[in-house]
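Here's the structure, in structure tokens; my notes come after.
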Amino acid sequence: MAQLAQFTTSVDTVVSRMRALDAGLEARDGIAVFNRVYLTVTEEVDRHIDRGEFADPRAAITLDVRFAERYLTAVDAVADGRRPPACWRPLFQLRRHPGVRPVQFALAGINAHIGHDLALAVVDACRTLDCEPGALEDEFDRVGELLGSLEERIRDELTPGPDLFRIADPLAHLLGSWSLERARDAAWSAARALWALRALPDLAGEFAERLDAAVGLAGRMLLTPLPHPSAAPVA
């Protein structure tokens, strides 16, 4: 029980850091937009852990914390004047661009975090817990279900109302090009591949670097500046 309490404190530390970031950033900042979304997800996962809805709470907490640490490390890198991973660079570079809408910031952050960080977090958690990825599959799937339930709410809250969000709006097509479910599936496959390559560090490093670059490219496309809905031609 004491060991589990120590892990819970780590979750509380992660939540506190994200709350501090939220308080210190302008609301329109792209990092602030994603941070609010991720804070909501992390708090939701924490509530489910507290209610005993994970079969292995220690595994769930470890995965949750290792996952969050990847994002917070990217934030710290930028604050220190260092380059973040390639998957995060588009969001940090375009975080204040007036032509990028809030939902794009949110999805670009989710793309970086799910597409790249989640796979590496699974490997990190396996090393911490001395287990195979298969031992974390239930926790991975449960967290994925929570993310999926929140994604629709995120899109609804951050996209324009029905009178503005017309089929002709390019945002509709841009959002339709990315899928959380496909990103999760790819992350699980990448985690298993990285774990299988752990005895070949050069090859594992190359795999992770290519994954980072590919996810960064997708993020850059999600952040394509768009005209404001009110400027779109009426059909």
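The values are calculated or read from the model by the stated rules, or taken from the named source; none is laboratory data. Only a predicted model underlies this, so the values are computations on that prediction, with no experimental measurement involved. So basically every Cβ, Gly included, is an ideal-geometry build from the backbone, and we count neighbours across all protein chains shown. What goes into the accessible areas is simple: the full protein's heavy atoms, side chains included, and nothing from ligands, DNA or RNA. Shrake-Rupley method; radii C 1.70, N 1.55, O 1.52, S 1.80 Å.
Could you give the semi-axes, largest first, of the ellipsoid that matches the chain, computed as the square roots of 5 times the alpha carbon gyration tensor eigenvalues and rounded to whole Å?
Numbers: eigenvalues 186, 79, 59 Å².
Output for the chain: semi-axes of 30, 20, 17 Å.
At a 1.4 Å probe radius, which order do Met221, Met18 fall into by accessible area, largest first?
Numbers: Met221 110, Met18 0 Å².
Solvent-accessible surface, decreasing: Met221, Met18.
Quickly estimate the mean residue ellipticity at 222 nm for the chain, helices only: each DSSP H run with n ≥ 4 gives -39500 (n - 2.57), and the total goes over all residues, rounded to 500.
On the way: 10 runs with 162 residues, N = 235.
So the calculated ellipticity at 222 nm is -23000 deg cm²/dmol.
Could you bin all the Cα-Cα distances of the range 35-135 into 5 Å bins starting at 0 and give me the percent of pairs in each, rounded to whole numbers?
2, 12, 20, 21, 19, 12, 8, 4, 1, 0
Could you check the spin-label model distance between Asp138 and Ala55? Points 7 Å from the Cα along Cα→Cβ, value in nm.
Calculated label separation equals 0.3 nm.
How far is helix 102-112 tilted, in degrees, relative to the longest principal axis of the Cα atoms in the chain, given as a value from 0 to 90 rounded to the nearest 10?
30
Quickly work out the Ala213-to-Asp29 label distance, labels modelled 7 Å from Cα along the C-beta direction, and quote it in nm with one decimal.
3.1
Taking only Cα atoms, what is the 0 to 90° angle, nearest 10, from helix 2-24's long axis to the longest principal axis of the chain?
It works out to around 20 degrees.
Rounded to whole Hz and in sequence order, give me ³J(HN,Hα) for the range 67-83 from the Karplus expression 6.51 cos²θ - 1.76 cosθ + 1.60, θ = phi - 60°, writing x for Gly and Pro.
5, 4, 4, 5, 5, 5, 5, 5, 4, 5, 4, 5, 4, 8, x, 9, 7
Between Ala79 and Arg47, what FRET efficiency comes out of the Förster formula 1/(1 + (r/R0)^6) with R0 = 25 Å and r the beta carbon distance, rounded to 0.05? Could you put the intermediate results ahead of the total?
Details: r = 29 Å, r/R0 = 1.16.
It comes out at approximately 0.30.
At 1.4 Å probe size, put Glu145, Glu26 in order of accessible surface, largest to smallest.
Numbers: Glu145 105, Glu26 140 Å².
In descending accessible area the options line up as Glu26, Glu145.
Please give the residues of the range 20-40, grouped as numeric ranges, whose backbone N is less than 15 Å from a label point set 7 Å along the Cα-to-Cβ vector of His97.
Zone members listed by number: 29-31.
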